[in-house]
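The values are calculated or read from the model by the stated rules, or taken from the named source; none is laboratory data. As the structure is a prediction and not an experimental result, all values here were calculated from the model. Cβ placement follows ideal geometry from the backbone for every residue including glycine, while neighbour counts extend to all protein chains displayed.
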Amino acid sequence: MKRRYLHSMLAAVAVTVLASQSWAATTLTVYTAIEADDLKRYAAEFNKYYPDIEIKWVRDSTGIVTAKLLAEKNNPQADVVWGLAATSLMLLKAEGMTQAYKPKGVEQLDKKFVDGEDPPHWTGMDAWVAAICVNTVEAKKLNLPMPTSWKDLTKPVYKGHVVMPNPNSSGTGFLDVSSWLQMFGEEGGWQFMDSLHQNIAWYTHSGSKPCRQAGSGETPIGVSFAYRGAKVKNKGAPVEIVMPAEGAGWDMEATTIIKGTKNLEAAKKLVDFSVSKEANQMYNSVYAVVAYPGVAQPVKNYPENIGAKMMNNDFQFAADNRKRILKEWQRRYDSKSEPKS
Amino acid sequence: MLAIGAFLVVCVLLPLYSMLSKSFENADGDFIGLANYADYFSTPALFLSAINSLYVSVTASVIVLVTAFVYGYALTRSCMPFKWFFKLVALVPLLTPSLLSGISLVYWFGKQGVAKELLFGELIYGPIGIIIGSAYWVFPHALMIVITALTITDARLYEAATALRTGTLRTFFTITLPGCKYGLISAGFVTFTLIFTDFGVPKVIGGNYNVLATDIYKQVIGQQNFEMGAVVSMILLLPAVLAFTVDRVVQKKQVALLSAQAVPYRPKPKRKRDLCMLVFCSIVAALILLMIGMAQYAALITFWPYNLEFTLANYDFDLANGGGWDSYFNSIRMALYTAAFGTVIIFFGAYLVEKGRRFIAGRSIFHAIAMLPLAVPGMVLGLSYIFFFNNPSNPFNFIYGTMAILVVATITHFYTVSHLTAVTALKQMDAEFESVGASLKAPFYRTFARVTVPVCMPAALDISMYLFLNAMTTVSAVVFIYSSDTTLASVAVLNMDDQGEIAFAAAMAMMIAYTCAGARILHALLTRSIMRTTQAWRTS
Amino acid sequence: MTADAKHAPTPYLRLFDVTKRFGDFIALKDISLEIYEGEFVCFLGPSGCGKTTLLRAIAGLDIQTSGTVEQNGQDVSALPPYERDFGIVFQSYALFPNLTVAKNVAYGLENRKIAKRDVRQRVAELLQLVGLPDQGDKYPRQLSGGQQQRIALARAIATSPGLLLLDEPLSALDAKVRVHLRHEVKQLQRRLGITTVMVTHDQEEALTMADRIVVMNQGVIEQIGTPEDIYRKPSTSFVADFIGTMNFVAGTAVGPDRVRCGDNVLACETSDMREGDVVTVAVRPEDIVLREGVSESEENVFSVRIDAMEFLGSYVRADLALEARGDQILRADLSINLVRRMQIAEGDERFVNIPKERIRVYQGTVNRDV
């Protein structure tokens, strides 16, 4: 009697185990820099289509995730990277860490958002665009006119009122610097930064901080990106997001499979999903520009017509010259210690 | 013995070695000699960072030392009232991550700060902020050393001075100051090293004032340049090791002074002096409370500075980037593991060093290695852990990315002070307990469990408390090695601030503070009850 | 019992060529020694002579570098302490501070599968034995030093070990307590008949307590013998100097049993001297006899001047200047009775006699570190 009871118990356990296994056959370790409050939504959406793949998120800021991936180069822990700056993925590609894969439906995407190689190593999701956050309350107190272009920021009236990210510690900072060098030319770019430097109150370590600081009035003007500006504005900060007239640098969040993953099939499914229309609609809830043409709806508090302001960014140029640019930048601006107010 | 020796080798020596070799490699792992160093030294930014680091460390150390001395003097040599209160307040900064002062300073003196006029137009983002913030959090560390130094002075010297009709001032300069000279030097070096290697405060409030500690962060996180990060780490290690060596030498001399049978000094009331001291201590205590008070205020404000309504929304960490409530509970788990395992490991290690009879050479080497972590900045340790443990050919690779590596790193980072505490406790026991136990045919573990452990219980509790508090508040040792499963509250504070979510950051920092305060109270109660039950023999 | 055991045919403890090195330093050099059952043996010597090291080697606490230790017919040379059979008492008492007196005494009994009741009874017996029957519930810290040491003794003998080792057990105590406890320990040892080895640097302790004394110096045994042997017939000048007070006078042999010291010639009982040997003559202060009605022509009688007298209670220590050689001073212990009877005073000139059977002669000169 007792024994039989035991048997049936065991059988029940076995069934449960098997069942749960078939429910989540695979667990994917996914590295990402997507905002924490978006992560759960993304995973839930993905599981609607692929319920048997469980996502284990590893989230951190762009710099840290990139550093982590590179540090783990010899022994990668990630299966997929979903939602990291394309420039970072290019870095990984250069290190030979990415797996080439042509996702189903990738041909639907805007060419700008897909790695040029065939099959591509990475595919873009959405764009985050550089922008200027202006705190209208503080600007008014200080009688600052609303800037409309990058060049405006070099005017003496803004002296000590501009905050931007340090390109040596922030990807957004580098994005800004590389875009200025592309738009204004090598010489013009450095000249622009020379005069901008005169107006900078301080450089921050993170790309979103200037806009947050503009939101809290720590600075009237912060050079950051539009997505962050919208989020700060949503919180009720008196912030206006300015898209500079010259155009703005941008980068995209992108997806790649890490070479050597033990879960290649599941990884491919995730990447397939990441380029789908449904996924792009999902990205659109927070990003105004997404890779899938025609799905984007206006996002609350985003500057209008942001797509038109996106400059023609040469990512290859940025990747190839990164070291040189950073060194030059450091030589020019990082060695001046005294903060100007 | 071997196991614990191996623990130290694996957790201290080998990672540092892999760090050293990394600094001689290029990105592909080829040996390139001193090229990285040449590269770094050719950048003018380095000298600036080094000079900046020196400048803020020295300035803040001097401020802290003077303040701590007067404060400590008031606590030990005056009859000022409310001493217990001032003692308590002085320890408050130990309960919070060093970053908290940075956050609080923004609210006080930032562009929207409530007291920014006090800076006369100077920016808080920069050396001023770093110096004030650093002074705040290292103050208790300096104070504890100064108090010890002031307590050991021999009262008979003062009686002799009075008998010789020596004036107050002369007594101070000929007896008081020389008497705690070594303590002051030691406190100076400790504060210097702490500030020099700290990364939290300059990261939050440093603006574009570069110091070496933030340089490492920039190299590794900003540019993913590990080799250069290793180079800066090695440079950061140098002055820390130097300061540590000087401190060790000084400590030895201090011990020599102590051996005399001194009569403890008992202050006599002196109205004027006591009043001055009361005023001074009140000011310092007020500053400390203002600092943590502002952080608490910041944590409760809806949207600084435009919506000053009180809210608890900032405690909803799951909505913030940088780690949700998970990270808070992870931190508690990590701190508990660190306290539990760390105390056992450290205590055993000290036991072997102190009570072992064989391998004399081995034991002194062990002791020397146990001293080393004090001189290794947390960031350097953390970075070296990436290099060492995230190597597929390393048999310990499996702990990478787990809670275990955080616990190991934290135990290692705070090994030295705990080790010394344990050794001191063991030294106070009769050297022959083990011999007696053996002669009575009691196996060594029985004597260890029935005598050594109970006798050393208060010390063991102190060690576990020390480990717990530090594990809760440390940032530098773990910032490179936590994973998404093991995000920590202290790192969350850093990341939230980094993302500009300063209210969340303040709230999280305060959660750490409440927890540490709770742990301290628990510790006090536990110690009291243990003292009453198992330590009855001490009092009678 | 002890008297018979002294001559038992097989020794209880036997050391053979025991050597202990600490790096380059030789702490013990080829020590061989036999200790009989029920004997009380003292290791006596100045600090650093190796006596404690030898005790620890016997206990197995610091195992010797080479040589063997046999206990009760078994070679225990390589055994760890917990596999040997001994109880030990240290100078520092080493009582476990967190355990009560009773628990301390019971410590060795508890892991021997003895019923709790029996343990309690045994502890009570032992406390009775050391004269502290009511102190079981106190903590060590609440007792005086002498009481603590008695407890330590009770703890050491609780398990009835075959060998009791005492490492300077009385050195930390006050003078009075020390003398008292000396007597008690000896009595206890007699009563139990337990073979005992005690380390001490206090010669008085050794002389009063030991059946045999092992005098050690610089890692070697200088002499083994009964207290009387050691005192009366020190076999080396070191022993002569270390034990008690001794007058040393430099001299030259002038015959097999004749020594010239300055102007005087001394007769002595040795016979192995050759003429011209440089020797040192040794005589104890109490063996110098002050006499009346003798003349210098008698054997070993000299005229002396009394330079100084030091009153020491029951006797007087006098500095005697040999008249012929004013710089040579002999110390003599004179009983108070004698001093009174002969009305001796400083500055007197008297005759002394040194009985030849009381004279020891050592080859070479003696360097005294006094």
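The table below gives the values:
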quantity: Strands (runs of 3 or more DSSP E) wholly inside segment C:1-91 that include at least 3 residues being away from chain B (no Cβ under 14 Å); calculated: C:13-22, C:25-35, C:40-44, C:66-71
quantity: Hits in segment B:493-540 (condition: part of a loop (DSSP other than H, G, I, E, B) and touching a residue at least 60 places away in the same chain (Cβ under 8 Å)); calculated: B:Gln499, B:Glu501, B:Thr534, B:Gln535
quantity: Where A:Gly229 falls short, out of the listed (1) farther than 24 Å from A:Ser88 by Cβ; (2) within 14 Å of chain B (Cβ to nearest Cβ); calculated: (1)
quantity: Helices (runs of 4 or more DSSP H) enclosed by segment C:169-236 - at least 2 residues per element that are assigned by TED's automatic domain parsing to the domain that holds C:Leu55 and more than 9 Å from the chain's Cα centre (by Cα); calculated: C:175-192, C:227-232
quantity: Subset tally (residues that are of a type in the set (Asp, Glu) and modelled with pLDDT of 85 or more) for segment B:157-212; calculated: 1
quantity: Number of positions in segment B:427-458 that are more than 7 Å from chain C (Cβ to nearest Cβ) and not in a helix (DSSP H, G or I); calculated: 3
quantity: Top-ranked residue of segment A:279-304 - restricted to ones that are touching a residue at least 60 places away in the same chain (Cβ under 8 Å) and among the aliphatic types (A, V, I, L, M), ranked as surrounded by the fewest Cβ atoms within 10 Å (Cβ to Cβ); calculated: A:Val299
quantity: Looking only at segment A:63-77, and only at residues there that are in a helix (DSSP H, G or I) and either facing chain B (nearest Cβ under 7 Å) or farther than 24 Å from B:Pro395 by Cβ (or both), the one that is farthest from the chain's Cα centre (by Cα); calculated: A:Ala71
quantity: Conditions (1) surrounded by fewer than 17 Cβ atoms within 10 Å (Cβ to Cβ); (2) in a helix (DSSP H, G or I); number of the one not met by B:Gly33; calculated: (2)
quantity: A:Trp150 more than 14 Å from every other protein chain (Cβ to nearest Cβ), surrounded by 18 or more Cβ atoms within 10 Å (Cβ to Cβ) and not β-branched (Val, Ile, Thr); calculated: yes
quantity: In segment B:31-70, residue farthest from the chain's Cα centre (by Cα) [restricted to those that are modelled with pLDDT of 90 or more and among the aromatic types (Phe, Trp, Tyr)]; calculated: B:Tyr55
quantity: Residue within segment B:477-490 that is out of contact with any Phe, Trp or Tyr (no Cβ under 7 Å at 6 or more places or on another chain), among the aliphatic types (A, V, I, L, M), within 13 Å of another protein chain (Cβ to nearest Cβ) and under 21 Å from B:Ile103 (Cα atoms) present; calculated: yes
quantity: Residues of segment C:124-147 satisfying the condition of being among the small types (Gly, Ala, Ser) and touching a Lys or Arg at 6+ places or on another chain (Cβ under 7 Å); calculated: C:Gly131
quantity: Residue match in segment A:331-338 (condition: in contact with a strand residue (DSSP E or B) (Cβ under 6 Å, 6 or more places away or on another chain), modelled with pLDDT of 85 or more and either among the acidic types (Asp, Glu) or outside any loop (DSSP other than H, G, I, E, B) (or both)); calculated: no
quantity: B:Pro93 touching a residue at least 40 places away in the same chain (Cβ under 8 Å), closer than 15 Å to B:Ala507 by Cα and either away from chain A (no Cβ under 13 Å) or in a loop (DSSP other than H, G, I, E, B) (or both); calculated: no
quantity: Some residue of segment C:132-145 being surrounded by fewer than 20 Cβ atoms within 10 Å (Cβ to Cβ), under 24 Å from the mean Cα position of the chain (by Cα) and either assigned to a helix (DSSP H, G or I) or without any contact (Cβ under 8 Å) to a residue 60 or more places away in the chain (or both); calculated: yes
quantity: Complete set of residues in segment B:375-423 that are within 14 Å of chain A (Cβ to nearest Cβ), in a helix (DSSP H, G or I) and not polar (S, T, N, Q); calculated: B:Met379, B:Gly382, B:Leu383, B:Tyr385, B:Ile386, B:Phe387, B:Phe388, B:Phe389, B:Phe398, B:Ile399, B:Ile405
quantity: Among (1) over 20 Å from the mean Cα position of the chain (by Cα); (2) at the interface with another protein chain (Cβ under 10 Å from one of its Cβ atoms); (3) buried (at least 22 other Cβ atoms within 10 Å of the Cβ) - the single one B:Gly349 does not satisfy; calculated: (2)
quantity: Qualifying residue in segment B:312-335 (condition: under 19 Å from A:Lys209 (Cβ atoms), more than 11 Å from chain A (Cβ to nearest Cβ), touching a residue at least 40 places away in the same chain (Cβ under 8 Å) and not hydrophobic (A, V, I, L, M, F, W, C)); calculated: yes
quantity: B:Ala370 vs. criteria within 24 Å of B:Phe189 (Cβ to Cβ), part of a helix (DSSP H, G or I) and either among the β-branched types (Val, Ile, Thr) or more than 14 Å from every other protein chain (Cβ to nearest Cβ) (or both); calculated: yes
